[in-house]
1. Could you list, in sequence order, the residues of the stretch 99-138 that are touching an Asp or Glu at 6+ places or on another chain (Cβ under 7 Å), assigned to a loop (DSSP other than H, G, I, E, B) and open to solvent by less than 20 Å² (accessible area, probe 1.4 Å)?
2. Go over the candidates 13, 2 one by one and state the one that is more than 26 Å from residue 78 (Cβ to Cβ) and assigned to a loop (DSSP other than H, G, I, E, B).
3. Checking residue 60 against (1) in contact with a Phe, Trp or Tyr (Cβ under 8 Å, 6 or more places away or on another chain); (2) over 29 Å from residue 136 (Cβ atoms); (3) open to solvent by less than 60 Å² (accessible area, probe 1.4 Å), only one condition comes out false. Which one?
4. Can you tell me how many residues within the stretch 67-89 are surrounded by fewer than 11 Cβ atoms within 10 Å (Cβ to Cβ) and modelled with pLDDT of 95 or more?
5. Right, residue 57: of a type outside the set (D, E, K, R) and out of contact with any Asp or Glu (no Cβ under 8 Å at 6 or more places or on another chain) or not?
6. Take the residues in the stretch 27-48 that are among the small types (Gly, Ala, Ser) and over 14 Å from residue 16 (Cα atoms); name whichever of them is farthest from the chain's Cα centre (by Cα).
7. With 74, 18 as the choices, which residue is in contact with a Leu (Cβ under 6 Å, 6 or more places away or on another chain) and in contact (Cβ under 8 Å) with a residue 24 or more places away in the chain?
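The values are calculated or read from the model by the stated rules, or taken from the named source; none is laboratory data. Nothing here was measured: the structure is a model prediction, and the numbers come from that model. No Cβ is skipped: glycine too gets one built from the backbone with ideal geometry, and neighbour counts run over all protein chains shown. Heads up: the accessible areas ignore ligands, DNA and RNA and are worked out on the full protein's heavy atoms, side chains in. Shrake-Rupley method; radii C 1.70, N 1.55, O 1.52, S 1.80 Å.
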Amino acid sequence: MDLSIHSTFLPHDDADAALAFYRDKLGFEVRNDVAYGALRWITVGPRDQPGTSIVLAPPGVAPGVTDEERRTIAEMMAKGTYGMLLLATRDLDGTFAQLQARDVDIVQEPTDQPYGVRDCALRDPAGNMIRIQQARVG
């Protein structure tokens with residue numbers, strides 16, 4: 001098989017805040033911005049990786065999702081346990097310094113993890129956990 005990751009979905013509860021975060025704070029390019037009534041799907045991705053995208057989507061709009069499930073999704077988003085994104089960088093400390101200067105919601109400063117990476121964690125405006133890692137050398 002020849003498979004690659006094309007896109008993944010993360011929920012947002014405020015399209016403008018999500019757009020500002022992923023475009024202005026993380027530096028991703030906007031590839032698509034589609035409205036359907038009051039709902040909005042925004043596709044973003046790294047400029048140098050045109051084949052990989054993140055679709056920022058309204059939560060709980062899939063057919064068959066019940067009101068109770070939508071409440072559960074909203075509760076999980078508020079706690080930061082619904083969506084997660086793992087990014088990688090070659091310079092974690094430099095990236096972290098830039099993110100701090102851009103006033104992002106930091107959850108964890110750069111830390112050496114026992115599973116062989118150094119990483120940090122932050123949250124996007126919808127509460128999604130974003131971990132950024134750098135492989136440890138040696």
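1. 126
2. On the way: 13 fails: more than 26 Å from residue 78 (Cβ to Cβ).
Answer to the check: 2.
3. So the condition that residue 60 fails would be (1).
4. Number of matching residues: 1.
5. yes
6. Among those that are among the small types (Gly, Ala, Ser) and over 14 Å from residue 16 (Cα atoms), it is 37.
7. Residue meeting the stated conditions: 18.
Residue-by-condition table, conditions (1) surrounded by fewer than 11 Cβ atoms within 10 Å (Cβ to Cβ); (2) part of a helix (DSSP H, G or I); (3) hydroxyl-bearing (Ser, Thr, Tyr); (4) on the phi > 0 side of the Ramachandran plot:
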{"residue": "18", "(1), (2), (3), (4)": "no, yes, no, no"}
{"residue": "21", "(1), (2), (3), (4)": "no, yes, no, no"}
{"residue": "24", "(1), (2), (3), (4)": "yes, yes, no, no"}
{"residue": "31", "(1), (2), (3), (4)": "no, no, no, no"}
{"residue": "35", "(1), (2), (3), (4)": "yes, no, no, no"}
